[in-house]
Amino acid sequence: KPVIVWFRRNLRLHDNAALGAAERDGAPVVPVFVRDPPDPSGQASDWWLHRSLASLDADLATRGSSLLILQGPTETVLPRLATEIGAGALHLERGHEPGVAAREQDISTRLSEHGIATRRFAGRLLADPDRFRTGAGGPYRVFTPFWKALRHGFESGTPRPAPERLTTPTNLPDGLALEELGLVTESKEQIAGWEGDWQPGEAGAREALADFVDGPMADYPEGRDLPGRVGTSRLSPHLHFGEVSIRTAWHVAAQAAVGGAERGGEAFLRELGWRDFGAHLLHHFPRIVDEPLQKKFDTFPWRDDAAALQRWQDGLTGYPLVDAGMRQLRRTGWMHNRVRMVAASFLVKHLLIDWRAGERWFRDCLVDFDPASNIVNWQWVAGSGADAAPYFRIFNPVLQGTRFDRDGAYVRRWLAEIADLPDRYLHHPWDAPATTLEAAGIVLDRDYPAPMVDHAFARKRALSAFQSLTESE
Ligand code: FAD
């Protein structure tokens, strides 16, 4: 009897436990993707998904198979397909977001009514979110002890190769053409920006991993903080869609680390640990989807300021590092982690705009949008999450710029209008003497905005907002 392999965020053939088990059983395989709107992802990640599905379908074709694309409520679409084709089992890679396990259970119950088994496989995370517990038996709320438990408790093993050949029944019902899902809705110009920067799909993912391990990994502890160069793996969208398994990323980095790049390898594994930590938190505290983890932030006096939010989104705050980041995000669907922290902090602390508005914007713009990582990092920046930086630590966007983009390579790439300013004033053009501005051909507030809010004023305002909170506790 055929086995349905449900592709969700495991869009790969290598080290895919759900697919591998079906292949080993020798059963005919029916690879299926189901689009189940409404989906909370945004336009950039929908574009990625489209490209990734096309790539998966092409990879399946080289093995004698193809991807069946369906649309509708998964809990009706999958059982209908399973009964129609007389499937023996459904294989899936387990998801961990709120509501997902219940949904999987629902599908499994419906299938079992027809005598069809559901087999769930691990693969999305290094460790199941329930695997590690604090000494008191609860979930972790602090990263370091979570990381210690994961680092010592996790063994990657050797990732499995992709199947060489697959048998797929020919008498399947008609699916949709990929285009019919309508995942690509953005303008041609926007799509050209993404296309220029990324190669979605399994081949692109494996290439990105190999390039990183052979190159920037050795210098990762320092290089990862410098947005002006390629110092990180840029694996995040590939990992989100499971185009390379997290286990493979871990395994390849750990092997390479033994071969010489110990510091870089170890620091990189720790970042992979943050990904698991985000999933662990969202799994155990599902309310953090739209509520602060720390209750006292429930009454935070956020400002409602649509015009300011718009300026931040457009990269027109007048702070070059923030603006460069927001433009990189819009143009490429990705922003360097250091700059994500500074830009997010600017919205929440300098503008006092609710982190949920920023989270929504990132969701719409990021090719690597991931519910757990996005929410947990936004709450971390806002100070309302687990392990949060104390609220009173407020990034100074000028100092962050002069420290991490000393030669201005990053700001110059994204803000052509101030590229001719000397390094000395690049991160604070408003301090440049008139002659310097003139020599660079810049009129402030015409070519580039003056700062929309003064740093010292904003810092004081944010601190007193926070103070009002603790006093009212
Ligand atoms: P590398 O430095 O090469 O790290 C390797 C991998 O580790 C990443 O691909 C990612 O999977 C994981 N990782 C690294 N840092 C973090 C982190 N802080 N939290 C969770 N996982 C991490 N990451 C997302 O994948 N999706 C998001 O939606 C997302 N939203 C964010 C929002 C904000 C406000 C901030 C501050 C960070 C966010 N991050 C998010 C985390 C981080 O910025 C990205 O994972 C990272 O920049 C991706 O680039 P990279 O693959 O080159 O990272």
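The values are calculated or read from the model by the stated rules, or taken from the named source; none is laboratory data. As the structure is a computational prediction, the values presented were derived from the model and not from experiment. Cβ placement follows ideal geometry from the backbone for every residue including glycine, while neighbour counts extend to all protein chains displayed.
Mind checking which pairs have a first residue in the range 96-110 that is under 17 Å from L78 (Cα atoms) and a second that is part of a helix (DSSP H, G or I) and of a type in the set (D, E), Cβ under 8 Å, 6 or more apart or different chains?
That search, which allows pairs on different chains as well, returns R103/E75; D106/E75; I107/E75; R110/E75.
Can we say D15 is under 21 Å from the mean Cα position of the chain (by Cα), modelled with pLDDT of 95 or more and among the acidic types (D, E)? Break it down stepwise before answering.
On the way: under 21 Å from the mean Cα position of the chain (by Cα): yes; modelled with pLDDT of 95 or more: yes; among the acidic types (D, E): yes.
In short, yes.
Looking at this structure, is T158 β-branched (V, I, T) and either free of Cβ contacts under 8 Å to residues at least 40 places away in the same chain or under 18 Å from F33 (Cα atoms) (or both)?
Working: β-branched (V, I, T): yes; either free of Cβ contacts under 8 Å to residues at least 40 places away in the same chain or under 18 Å from F33 (Cα atoms) (or both): no.
In short, no.
Which of the residues that make up the range 242-268 are closer than 30 Å to D323 by Cα and crowded, with 20+ Cβ neighbours inside 10 Å? Even if it seems obvious, please write down each step before you answer.
Filtering the range 242-268 for residues closer than 30 Å to D323 by Cα gives 264, 267-268.
Answer for the range 242-268, where residues must be closer than 30 Å to D323 by Cα and crowded, with 20+ Cβ neighbours inside 10 Å: G264, F268.
Please give the number of the condition G315 fails out of (1) in contact with an Asp or Glu (Cβ under 7 Å, 6 or more places away or on another chain); (2) modelled with pLDDT under 95.
G315 satisfies every listed condition except (2).
State all residues of the range 233-246 that are of a type outside the set (A, V, I, L, M, F, W, C) and in a loop (DSSP other than H, G, I, E, B); if no residue qualifies, say none.
From the range 233-246, those of a type outside the set (A, V, I, L, M, F, W, C) are 233-234, 236-238, 240, 242-243, 245; that's our starting set.
If the condition is that a residue be of a type outside the set (A, V, I, L, M, F, W, C) and in a loop (DSSP other than H, G, I, E, B), then S233, R234, G242, E243, S245 are the ones that fit.
Could you tell me whether V411 is within 14 Å of the ligand (Cβ to nearest atom), buried (at least 21 other Cβ atoms within 10 Å of the Cβ) and modelled with pLDDT of 95 or more? Walk me through it before giving the result.
Numbers: within 14 Å of the ligand (Cβ to nearest atom): no; buried (at least 21 other Cβ atoms within 10 Å of the Cβ): yes; modelled with pLDDT of 95 or more: yes.
It is false that V411 is within 14 Å of the ligand (Cβ to nearest atom), buried (at least 21 other Cβ atoms within 10 Å of the Cβ) and modelled with pLDDT of 95 or more.
Restricting the range 347-389 to residues that are assigned to a helix (DSSP H, G or I) and among the aliphatic types (A, V, I, L, M), which is farthest from the ligand (Cβ to nearest atom)? Write out each step before concluding.
Taking the range 347-389 and keeping what is assigned to a helix (DSSP H, G or I), we get 347-350, 355-365, 371-382.
Going one step further and asking which of them are among the aliphatic types (A, V, I, L, M), we end up with 347-348, 357, 372, 375-376, 381-382.
Working: L347: 9, V348: 9, A357: 12, A372: 8, I375: 8, V376: 7, V381: 5, A382: 9 Å.
Selected residue: A357.
Within the range 247-272, how many residues are modelled with pLDDT of 95 or more and either in a loop (DSSP other than H, G, I, E, B) or near the ligand (Cβ under 8 Å from one of its atoms) (or both)?
Residues in the range 247-272 being modelled with pLDDT of 95 or more and either in a loop (DSSP other than H, G, I, E, B) or near the ligand (Cβ under 8 Å from one of its atoms) (or both): 4 in total.
Could you check R331 against (1) within 15 Å of the ligand (Cβ to nearest atom); (2) surrounded by fewer than 21 Cβ atoms within 10 Å (Cβ to Cβ); (3) assigned to a helix (DSSP H, G or I) and say which number it fails?
(1)
Can you tell me which residues in the range 273-315 are within 24 Å of H96 (Cβ to Cβ) and part of a loop (DSSP other than H, G, I, E, B)? It would help to see each step written out before you state the result.
As a first pass, look at the range 273-315 and keep what is within 24 Å of H96 (Cβ to Cβ): 273-295.
Across the range 273-315, the qualifying residues are F285, D290, E291, P292, L293, Q294.
If you check R446 against the conditions, is it more than 13 Å from the ligand (Cβ to nearest atom), within 30 Å of the chain's Cα centre (by Cα) and surrounded by fewer than 18 Cβ atoms within 10 Å (Cβ to Cβ)? Before you say what the answer is, go through the steps one by one.
Working: more than 13 Å from the ligand (Cβ to nearest atom): yes; within 30 Å of the chain's Cα centre (by Cα): no; surrounded by fewer than 18 Cβ atoms within 10 Å (Cβ to Cβ): yes.
Judged against the criteria, R446 is not a match.
Among the listed residues T83, T62, identify the single one that is in the same structural domain as L13 (by TED's automatic domain parsing), closer than 22 Å to K1 by Cβ and modelled with pLDDT of 95 or more.
Numbers: T62 fails: closer than 22 Å to K1 by Cβ.
Every option except T83 fails the conditions.
Tell me which residues, restricted to the range 194-216, are buried (at least 18 other Cβ atoms within 10 Å of the Cβ), more than 9 Å from the ligand (Cβ to nearest atom) and closer than 21 Å to L329 by Cα.
W194, W198, P200, G201, G204, A205
Sort out which residues of the range 397-407 are under 17 Å from N337 (Cα atoms) and either polar (S, T, N, Q) or away from the ligand (no atom under 16 Å from the Cβ) (or both), and write them in order of number.
Filtering the range 397-407 for residues under 17 Å from N337 (Cα atoms) gives 397-406.
Those that are under 17 Å from N337 (Cα atoms) and either polar (S, T, N, Q) or away from the ligand (no atom under 16 Å from the Cβ) (or both): V398, L399, Q400, G401, T402, R403, R406.
Can I394 be described as at pLDDT below 95 and either surrounded by 17 or more Cβ atoms within 10 Å (Cβ to Cβ) or within 14 Å of the ligand (Cβ to nearest atom) (or both)?
Yes: the conditions hold for I394.
With respect to A462, determine if the residue is within 16 Å of the ligand (Cβ to nearest atom), part of a helix (DSSP H, G or I) and crowded, with 19+ Cβ neighbours inside 10 Å. Show your work before the answer.
On the way: within 16 Å of the ligand (Cβ to nearest atom): no; part of a helix (DSSP H, G or I): yes; crowded, with 19+ Cβ neighbours inside 10 Å: yes.
No: the conditions fail for A462.
So which residues in the range 217-241 are more than 9 Å from the ligand (Cβ to nearest atom) and either surrounded by fewer than 20 Cβ atoms within 10 Å (Cβ to Cβ) or acidic (D, E) (or both)?
Within the range 217-241, A218, D219, P221, E222, G223, D225, G228, R229 qualify.
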